[in-house]
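These notes are about the structure you will find just below.
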Amino acid sequence: MPPKEDEYLPVDIKATWQALEKCVEEGLIHAIGVSNFTVEKLTSLLDHAKIVPSVNQVERHPVWQQKKLKPFCDAKGIHVSGWSPIGAPGAIYGTQIVVSNPVIQSIADKHGKTAAQVALRWGVQTGASVLPKSFNSKRIAENFDIFSWELSDDDITQLSKIEQHRAFPVKEFCSPKGPYKNIEELWDGDI
C-alpha cells in the first residue's frame, strides 16, 4: 500500500456486474454483492442491474454511521455489512476513534460492557451485520457477547449525535492514473 501507479486498472462496473449476474444465472454462485459503494454508485449500478446486490460491505460504526447509505440500501433490499465496526484499534492501519469515543465509552460504562461491545451491538441493533476481527481469544469472546442485552432508545439517540467522519478514507486508492482521481470522487463527496 499504496498501489504502484502501473497497478491501477480501468474499472467497468457495468460489465463486471453483468459477468457476475451471468455466474448467478449459470448456478456458479448463489448471491452477489458490492463493497464500498456509495448511494451514487449503487444508483448507477441499479440502473442496469438485473439482480440487486445482496449486500454492500462498507465502513460502518457509530463514528461513521452511513446515515445516507443505510436507509437507501434498506429501501432497495440491500443488506449492509459493516467492516471495521470497532475501528481496527489493534491493526497497523487501525484507529482508536471508535473505542475511545467518550459517548461510546459512557454507554459502555453504563451497561458494564466494553466500548467495542457497544459499537458492535449498535451495528447489529440498527439492522446491519458486523465484521470484527481479532486474534485475541478474550476479545473474540467479548465480540460474541452482544446478543444478551440491548441499547436503550436513549443510547441510540446519544450515539446518533456523534460527530460523523470516516476512520478510513483510503486516499491510497486515488490516483491520476486510477479510476478515482481524488477522495471526493472515490466517495462521491460523502466524506
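Bear in mind that the values in this text are calculations on the coordinates, not laboratory data. Not measured: the values here are computed from a predicted model. Counting neighbours? That spans all protein chains shown, and the Cβs are built from the backbone with ideal geometry, glycine included.
For this structure, a couple of remarks:
- Overall, the range 82-173 carries a charge dipole of about 320 debye about its Cα centre when +1 sits on the Cβ of Lys and Arg and -1 on the Cβ of Asp and Glu, all other atoms neutral.
- Residue-averaged 222 nm ellipticity for the chain, from DSSP H runs of 4+ at -39500 (n - 2.57), nearest 500: -10000 deg cm²/dmol
- Shape of the range 105-147, Cα gyration tensor, a/c cut at 1.5: oblate
- Oblate is the label for the range 1-93, because the ratio a/c of its alpha-carbon gyration tensor axes (a ≥ b ≥ c) is 1.5 or higher and a/b is not greater than b/c.
- A simple charge model with +1 on the Cβ of Lys and Arg, -1 on the Cβ of Asp and Glu and nothing else charged puts the dipole of the range 2-156 at about 200 debye relative to its Cα centre.
- Beta bridges per DSSP, both residues in the chain: antiparallel share near 10 percent.
- The HN-Hα couplings worked out from phi for the range 21-32 by the Karplus form 6.51 cos²θ - 1.76 cosθ + 1.60 (θ = phi - 60°) are 4, 4, 4, 5, 4, 8, x, 6, 9, 8, 9, 10 Hz, whole numbers, x standing for Gly and Pro.
- Convex hull volume of the chain per residue (C-alpha atoms, cubic angstrom): 142 Å³
- Helix axis angle, 115-125 relative to the chain longest principal axis, alpha carbon, degrees: 60 degrees
- Rounded to the nearest 5, the antiparallel percentage of DSSP beta bridges internal to the range 1-103 is 10%.
- Listed residue pairs exceeding 23 Å between alpha carbons, taken from 67/161; 4/171; 70/181; 68/133; 41/67: 70/181; 68/133
- With a simple spin-label model that places each label point 7 Å from the Cα along the Cα-to-Cβ direction, the separation between residue 24 and residue 44 comes to 2.0 nm.
- A viscosity of 1.306 mPa s and a temperature of 10 °C, combined with the Kirkwood radius over Cα pairs in Stokes-Einstein, give a translational diffusion coefficient for the range 29-81 of 141 µm²/s.
- Sorted on the mean count of surrounding Cβ atoms within 10 Å across their residues, most packed first, peptides 29-40, 55-66 read 55-66, 29-40.
- At R0 = 30 Å, FRET efficiency that the Cβ-Cβ distance of residue 184 and residue 14 yields, to 0.05: 0.85
- Linear extension gain, residue 75 paired with residue 164, 0.36 nm per residue minus alpha-carbon span: 29.8 nm
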